[in-house]
Amino acid sequence: MFLKGKSAVITGSTSGIGLAYAKALAAEGASVLINGFGDAAAIEKERAALEATSGAKALYDAADMTKPDQIAAMIQRCHDELGGPHIIINNAGIQHVAPIEEFPVEKYDAIIAINQSSAWHMIRAAVPFMKAQKWGRIISTASAHSLVASPNKSAYVMAKHAIAGLTKTIALEVATHGVTVNCVSPGYVWTPLVENQIPDTMKARGLTREQVINDVLLDAQPTKQFVTSEQVAALVLFLCRDEAAQITGANYSIDGGWTAA
Ligand code: NAD
């Protein structure tokens, strides 16, 4: 339990990759603050389970990642109720796929706010606490799209490239304060969100389940396998260790070989 006594704020952790982060950190004894949208009863069940796993307090905060004041209040709440924050993970994200000339401006604004600007606001609010305690881990879920592009994802690719740049910049700013700043870049991750798309895609394209997985979803991934949320969480957990103290400003690919091609 190497994270006993440490607190972690994880944005977008009511499902998918973020929830896997929360579970992995709680299993090492961290008190976690989870965030995101969803069914209140389901969120409370997850929060209670995290508390049971860690033996430390777990909180839920409904801060909307498009609202800088709510982000700052969430960081302050972590400090007041859990201490720290020692670890922050910028993970909340949405996607919209459309050619640029048809891309709705409100979708562009939402992607930039949630996937990009929220990370800047989170870091801005957390750094003073991390500097004061001389220890911190700032981690963001970027994407293979922080390194390469795909058509029709202009806002998402822009935001993820920005996360890679922000990571490097803040790493330099806090390098002498015991605070590391890194991002992880998954390829296609097997989340319920992805799984739920398969039946619709089968119907729309007249393909079998296997064809959807291999010829549509995994076309970019040489291993022809999904990354799992647990694999991404294991990488993030390593970045929280003291052994990772000299890893900073890095962008770790975990994409089945996508960006090697
Ligand atoms: P998900 O939809 O399962 O989770 C997204 C989370 O963000 C949810 O908890 C949701 O409630 C939350 N969220 C959305 N809008 C929010 C807002 N305004 N304020 C607060 N929370 C908000 O998706 P996921 O696949 O787990 O994605 C998590 C992160 O991983 C995202 O940043 C995504 O870009 C990135 N990523 C995902 C994949 C993939 O294939 N699934 C690949 C690479 C990177």
Whole-number D in µm² s⁻¹ for the stretch 22-162, Kirkwood Cα-pair radius fed into Stokes-Einstein, 20 °C, 1.002 mPa s: 132 µm²/s
Taking a ≥ b ≥ c as the square roots of the Cα gyration tensor eigenvalues, with a/c under 1.5 meaning rounded and otherwise prolate when a/b beats b/c or oblate if not, the stretch 78-119 comes out prolate
Describe numerically, in nm with one decimal, the distance between label points set 7 Å from Cα along Cα→Cβ at Val194 and at Glu173. 3.2 nm
Please state, rounded to one decimal and in Å, the Kirkwood hydrodynamic radius that the stretch 207-248 gives when every pair of distinct Cα atoms enters the mean of 1/r. 12.5 Å
Result row for the chain, helices from DSSP H with C-alpha axial extent 18 Å or more and mean Kyte hydropathy at least 0.5, is 154-173
So which of Lys4/Lys57; Lys4/Lys134; Lys107/Lys153; Lys4/Lys67 end up more than 19 Å apart by C-alpha? Lys4/Lys67
Rounded to 0.05, the calculated FRET efficiency for the beta carbons of Glu210 and Met158 at R₀ = 41 Å is 0.80
Debye intensity ratio in log₁₀ form over the Cα atoms of the stretch 144-223, taken at each q of 0.13, 0.15, 0.21, 0.23 Å⁻¹: -0.57, -0.69, -1.01, -1.10
Rounded to the nearest 0.05, what FRET efficiency do Ala62 and Ala110 give with R0 = 25 Å and r taken as the Cβ-Cβ distance? Could you check? 0.90
Would you mind checking which residues have amide H under 5 Å from Tyr252's amide H? H placed 1.01 Å from N; only 5 or more apart, or other chain. Cys183, Val184, Ser185
Under 5 Å, built H, 5+ apart or other chain: amide partners of Val9: Leu33, Ile87, Ile88, Ile89
Relative packing of peptides 1-13, 100-112 - highest average C-beta neighbours within 10 Å first: 1-13, 100-112
The stretch 163-241: which trypsin sites (Lys or Arg not before Pro) are DSSP loop and have at most 15 other beta-carbon atoms within 10 angstrom? Lys224, Arg241
Shape call for the stretch 23-88 from the C-alpha gyration tensor, a ≥ b ≥ c root eigenvalues: rounded (a/c under 1.5), prolate (a/b greater than b/c) or oblate? oblate
Post the alpha-carbon centroid distance, the stretch 89-114 to the stretch 144-163, in whole angstrom. 10 Å
Under 1.5 on a/c is rounded, so check that first for the stretch 10-56, then, if it is not, pick prolate when a/b is larger than b/c and oblate when it is not; a ≥ b ≥ c are the square roots of the alpha carbon gyration tensor eigenvalues. oblate
Express the relative contact order of the chain as a whole percentage, based on alpha carbon pairs under 8 Å and six or more residues apart in sequence. 18 percent
Suppose R0 equals 30 Å; then what is the FRET efficiency for Phe2 and Lys203 from their Cβ-Cβ distance, rounded to the nearest 0.05? 0.05
Non-local amide H neighbours of Ala30 (under 5 Å, H modeled in plane, Pro and chain starts lacking H): which ones? Leu3
How are the C-alpha pair distances of the chain spread across 5 Å bins, as whole percents from the shortest bin up? 1, 6, 13, 17, 20, 17, 12, 8, 4, 1, 0, 0
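Taken together, the values in this text are just the output of simple stated rules run on the coordinates, not laboratory data. Every value quoted in this text rests on a predicted model; they were computed, and no experiment measured them. So basically every Cβ, Gly included, is an ideal-geometry build from the backbone, and we count neighbours across all protein chains shown.
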